[in-house]
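Only one structure is covered here, and it is reproduced in the block below.
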Protein chains: 4
Amino acid sequence: MLVNMREGATQQEIDYVVERVCAAGYQAHLTCGTEKTVVAAVGSGRRNEVEALRAAAGVEDVVAISTPYKLVSRKVHPEDTIVTVGNVQIGGGKLVVVAGPCSVESREQLLSTAEAVKKAGATILRGGAYKPRTSPYEFQGLGEEALELLSEARALTGLPVVTEVMSPQDVEIICEHADMLQVGARNMQNFSLLRALAESNKPVLLKRGPSATIKEWLLAAEYLLAGGNSQVVMCERGIRTFENEMTRNTLDLAAVALIKQISHLPVVADPSHGTGRRDIIPVMSRAAVAAGADGLIIEVHPHPERALSDGPQSLDFAMFDKLMSGLGDRTMSAKA
Amino acid sequence: MLVNMREGATQQEIDYVVERVCAAGYQAHLTCGTEKTVVAAVGSGRRNEVEALRAAAGVEDVVAISTPYKLVSRKVHPEDTIVTVGNVQIGGGKLVVVAGPCSVESREQLLSTAEAVKKAGATILRGGAYKPRTSPYEFQGLGEEALELLSEARALTGLPVVTEVMSPQDVEIICEHADMLQVGARNMQNFSLLRALAESNKPVLLKRGPSATIKEWLLAAEYLLAGGNSQVVMCERGIRTFENEMTRNTLDLAAVALIKQISHLPVVADPSHGTGRRDIIPVMSRAAVAAGADGLIIEVHPHPERALSDGPQSLDFAMFDKLMSGLGDRTMSAKA
Amino acid sequence: MLVNMREGATQQEIDYVVERVCAAGYQAHLTCGTEKTVVAAVGSGRRNEVEALRAAAGVEDVVAISTPYKLVSRKVHPEDTIVTVGNVQIGGGKLVVVAGPCSVESREQLLSTAEAVKKAGATILRGGAYKPRTSPYEFQGLGEEALELLSEARALTGLPVVTEVMSPQDVEIICEHADMLQVGARNMQNFSLLRALAESNKPVLLKRGPSATIKEWLLAAEYLLAGGNSQVVMCERGIRTFENEMTRNTLDLAAVALIKQISHLPVVADPSHGTGRRDIIPVMSRAAVAAGADGLIIEVHPHPERALSDGPQSLDFAMFDKLMSGLGDRTMSAKA
Amino acid sequence: MLVNMREGATQQEIDYVVERVCAAGYQAHLTCGTEKTVVAAVGSGRRNEVEALRAAAGVEDVVAISTPYKLVSRKVHPEDTIVTVGNVQIGGGKLVVVAGPCSVESREQLLSTAEAVKKAGATILRGGAYKPRTSPYEFQGLGEEALELLSEARALTGLPVVTEVMSPQDVEIICEHADMLQVGARNMQNFSLLRALAESNKPVLLKRGPSATIKEWLLAAEYLLAGGNSQVVMCERGIRTFENEMTRNTLDLAAVALIKQISHLPVVADPSHGTGRRDIIPVMSRAAVAAGADGLIIEVHPHPERALSDGPQSLDFAMFDKLMSGLGDRTMSAKA
């Protein structure tokens, strides 16, 4: 770590920093510029104690030279991780398409969608049972009833199932019904939930928070790996920016490219939430694949104009079928 | 609600919308412009069914005319709500200062801070027991041990205590030790946690999420009130913007002014997190009070340069004392 | 236009709005909801006079039903516009690659780059003569000397040339040397410059401002078209968001997809500025093409580690050659 | 400067950096950590040549230790600068209020406003002659006619006048009529304009760009000072963030506090643009003063509901009078 002293820091302030760096187990190396001095903490020691010097007199900043994440990094694990969801592998070279309704609304809605998306080539079924909604007056999901319908849809189609978990208390029951657990964007830094999922034995789909940096997103995944669960798929779903009139979020495809480079974990893109508008979901799906995504997650509904949530970004069956046709050969298919 | 049809929407598409609006229990009024048609849903009906029309053919947008929040609004409750924390009233006209360390680190650190902030005029003690940290390798808080130290600090000083709760499972034990429960910025839309707190009988300090709009923040509070807990204090702690080099967050004081106008709930400002830098915390505290804040929450540490978290934004005792002196007469004081 | 009255607006306030709407030449249609009233201005009248009602007593908002841009829209001009730069057509189906150094630094640097990018398949040469730099102490460009070098590079390679114009006063001299004039991101809303370019007879490359909405960007283009110049190419170069550590800007590829849908103007993407990092420029180039871009603009330098500006996002010749090979068959090539 | 090498950088890459640092006139000091090496450039040399190493093989980043701005800094000029506009001093301890209409619309509108704001205590008159408008179809200002009306208003009231300049070509004529020239937010980085203003002998009001960092804003001012004009007043007018529904911009009052600390230049706040809503302009004016602003700039119109621009954020005479009464004793007044 580097402790950058302020311009005009006194010798006493510098001495104090050097002493603290040594007390933390490091060697201290000084670099004296014309304006400022830098104290480098070399070797290995107690990082926290040096970071705390940010608040010491005469210190401008403490800069880490090493990256804060470890287990998610390719430095530790150079080969691609393959995450197995039921009989489907994410990250193994084939493009995986996860599809289904935003919310499970009824038996008929779910089963018809499951069959339609399977027929079109999707290999994992999505569907919300517990819904995080901005307003308490909006539809909150069917809960356990939805979980049972998801189990039924899997039995019918053979598609493994992913659904969102909102609370540590729900992990157990959801694990009984789902093949993969989704951490929603608003819960990306719900660390109690991450810790509970780290202890489960199910793969996790970790959505990026709407205002999470790439580094924070990787560190959220690090909570899962450090806790013992390495079956993690990253999901870019758009970030919140000033452009929120024409698109609901800004889909950050450079984040997809960067995660593939920095980390061994698979990445999927969610153009449904990432754009919020049906008309550009197919073209943005192709762009996401070009950016390196291992998969896509797409909202599909038999009648988007009757959906209880996310209708404007849901495709109907015909639209989804057309999207799948446009994705080309790399797509893993449940059709065959 | 208004259903704005696209330019060039067909008569059939318009007819479908009118039919659905009526089926949802509303009357439908048409306005035909030179370019576009608007279908107004008048009266009262099932709002969700009209909102779903966003996804119908020929529809550009569905716009709500009424506000989505109810119970937090002055329309429903015109008088200021006063929240009582131990023997302290927030929102009753006196400025309330909440102060203490970011994290409880040791008995000595907490008790000395509690005494110092009380002496300087603070009336509520803050201190983190369970810490939401970006990295799993950072200090995560002392947990239950910290809760007991907080109880001890209260016994010693008479100051009521506020501390953060991160999970529904922890609500019960924290309620045994704390007088007020804080929802951290990253958990503002942790709806499972909000529901659990709605059922507790403790006042809640609800921090604004780093990328939450004012409307979303009010709706998070609406979860608490709709669930039965009206003892809610809103806390503006800065939003995440492109300016993150000179200040950690952007303290949005217009949000303080607006919440005071829209809602009856008390508002406090957190210039410690809101700016991330010690040198401007006193001046921004005064600005927050001028913007209408009912209180302030300030991080104080006996030795900021040894703090395990948030050192650069923590004041030492002398700095805090000076800040308090600069706040003027309106401050409620525990000194007397 | 719709004038949304506030809840509780008085009859007198509503009457005043109706009167003003009529005085502006429109018919007024009223919709009375349970909470609020909406006054619709129907027909054609003086838009400004109705917009001014935003400030009238009892008015909550005035919402335009029609889009604010006209000439750039496909509604007015459904077919794709093809912009001709020297002998190169942008928007005609072939992918056009514009390449060259950020700044023209020397004769040798420019000519060697021009030859290298031509050999690799680029068809337009870029190079900055007048540089907008954040600090007055940074390299400001060679000015007129650079313009002459660009002319020489064109003579040598046959590649048409695009360069940035920063001031209305420079339009004339730049037109003598360049085939296309670039409006930089920071000047997107420099309306004096847009007006001067509208009167020139040269094609314009209009970069999106770092905090410009898609609507504002289209309206900047509207200034050019309304002023008489329809040879406009839109350039997405990334927007400024909270994520500015891992990437310099956030490349908004949904904006590329949307502009193609809304407007007839060609769109190119600038992954060099859009990401700020060399390592993901090739993959993001492919993603931009998948999103519908008609072309790419790429910074290339013989020795990026000696560049006077933008080195970290500049490709050397070998990297650029590899990028071109990865773009596939649709690329227009100057090789043949 | 510090050249941070990547983890795994080769000895050859490090040697190359050391050689280049020395060739640029610096001494090179190496710090070898467990993971990474840092090469410090010590002494004084050619900064650009070291910065270019960002693009060299094995280099992760180049970090400046010294601040990029000089002349605007208190390090160079510790005392407050006082800017004189006509007979008014900004930065001398008294609070200065600049007021007037967004646009000059007519003789009667301007003169009545000038008299009203003077009577209420404003000491400088504002009024737009050349208006930067998002759409080419919006009112663009009365131009030269407005300048003459501003001169007439000054003659009538004695108030000095500030108006916006949009182009280097207009500097001369505006200097004939105005006492201070405003650089609008969208032109903050219009460097041609800044250079032209640096050569004029008039004070400049430099608005912060909607997505400009504090550092970029200071560097824009540095263009003026480095070019010879030190009569510069900084104006915080809100930044563009995701919160753009409830407020037009986010007024960043921490920026006011920071500029006062870093720089000797006076700062004024613009709560009219900074919030976009009349109802909170008075309270945010008081907050800005508490944050350390030397002045305020407020839009006032005789009939906001008939204004050709910015009506919703304009105060009428009675509202402005009330705002002035609420500002307290420090206000400089033209009343006496």
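Bear in mind these aren't lab numbers, they're just calculated from the coordinates by the rules spelled out. Computed from a prediction, not measured in an experiment: that's the story for all the values here. Neighbour counts run over all protein chains shown; Cβ positions are idealised from the backbone, glycine included.
Annotations for the structure displayed:
- The packing ranking, built from the mean of other Cβ atoms within 10 Å per residue, places the peptides D:57-63, D:1-7 in the order D:1-7, D:57-63, highest first.
- Placing +1 on the Cβ of every Lys and Arg and -1 on the Cβ of every Asp and Glu, with nothing else charged, gives the range C:198-238 a dipole about its Cα centre of roughly 140 debye.
- Counting Cα-Cα pairs of the protein assembly as shown in 10 Å increments starting at 0 gives whole-percent bin shares of 2, 8, 16, 22, 23, 18, 8, 2, 0.
- Global form of the range C:66-155, assessed from the alpha-carbon gyration tensor, a/c cut-off 1.5: oblate
- Legend: Rg and Dmax of the range D:1-155, from Cα coordinates, 27.5, 76 Å.
- Label point at D:LEU111 placed 7 Å out along Cα→Cβ; residues across the range D:150-168 whose backbone nitrogen lies under 14 Å: D:150-158
- 0 to 90° range, to nearest 10: angle between helix B:11-23 axis and chain B longest Cα axis: 60 degrees
- Restricting the trypsin sites (Lys or Arg not before Pro) of the range C:266-336 to loop positions (DSSP other than H, G, I, E, B) with no more than 16 neighbouring Cβ atoms within 10 Å leaves C:ARG330, C:LYS335.
- Relative protection proxy for A:141-148, C:313-320, C:202-209, from highest mean packing down: C:202-209, C:313-320, A:141-148 (other beta-carbon atoms within 10 angstrom).
- Loop trypsin sites (Lys or Arg not before Pro), the range C:8-57, which have at most 14 other Cβ atoms in a 10 Å radius of their Cβ (DSSP): C:ARG46
- Derived from the Cα gyration tensor, the three semi-axes of the equivalent ellipsoid of the range C:4-43 are 18, 11, 6 Å, largest first.
- Length, then width, then depth: along the principal axes, the Cα atoms of the range D:196-249 run 40, 19, 14 Å.
- Hypothetical label at C:ARG46: residues of the range D:118-143 whose amide nitrogen lies under 15 Å (7 Å Cα-Cβ projection): D:138-141
- C-alpha center-to-center spacing [the range C:94-145, the range A:177-205] in angstrom: 49 Å
- Computed over chain A, Cα set: Rg, Dmax in Å: 23.3, 76
- Equivalent ellipsoid semi-axes - Cα gyration tensor, the range C:39-113, angstrom: 48, 20, 9
- Shielding by partners, peptide A:193-203 (average Cβ within 10 angstrom, other chains): 1
- Here the range D:192-326 carries DSSP beta bridges of which approximately 10% are antiparallel, counting only pairs with both residues inside.
- Computed over the range B:116-247, the quotient of the alpha carbon radius of gyration and 2.2 N^0.38 Å is 1.08.
- For the pair the range B:229-250 / the range C:230-246, the C-alpha centres are spaced 27 Å from each other.
- Cα pair distances exceeding 10 angstrom across the range C:24-63, given as percent: 72 percent
- Per-residue mean of foreign Cβ neighbours for D:257-269 is 2 (Cβ atoms of other chains, 10 Å radius).
- Per the Debye formula on identical point scatterers at the alpha carbon atoms of the range B:254-336, with no solvent, log10 I(q)/I(0) at q = 0.16, 0.20, 0.23 Å⁻¹ is -0.63, -0.91, -1.10.
- Checking the cross-link pairs D:LYS119/D:LYS215; A:LYS322/C:LYS94; A:LYS119/C:LYS207; A:LYS131/C:LYS260; D:LYS94/D:LYS207; B:LYS207/D:LYS260 against a 31 Å limit on the alpha carbon distance flags D:LYS119/D:LYS215; A:LYS119/C:LYS207; A:LYS131/C:LYS260 as lying beyond it.
- For chain C, the longest principal axis of the Cα atoms and the long axis of helix C:253-262 meet at an angle of about 60 degrees.
- GluC sites (Glu not before Pro) lying in DSSP loop within the range D:231-328, provided at most 12 other Cβ fall within 10 Å: D:GLU245
- Kirkwood radius and radius of gyration were both taken over the C-alpha atoms of the range D:1-73, and their ratio Rg/Rh is 0.99.
- Between the range A:22-60 and the range A:211-226, the Cα center-to-center distance that results, in Å: 26 Å
- Shielding score for B:51-58, defined as the mean number of other chain Cβ atoms within 10 Å: 6
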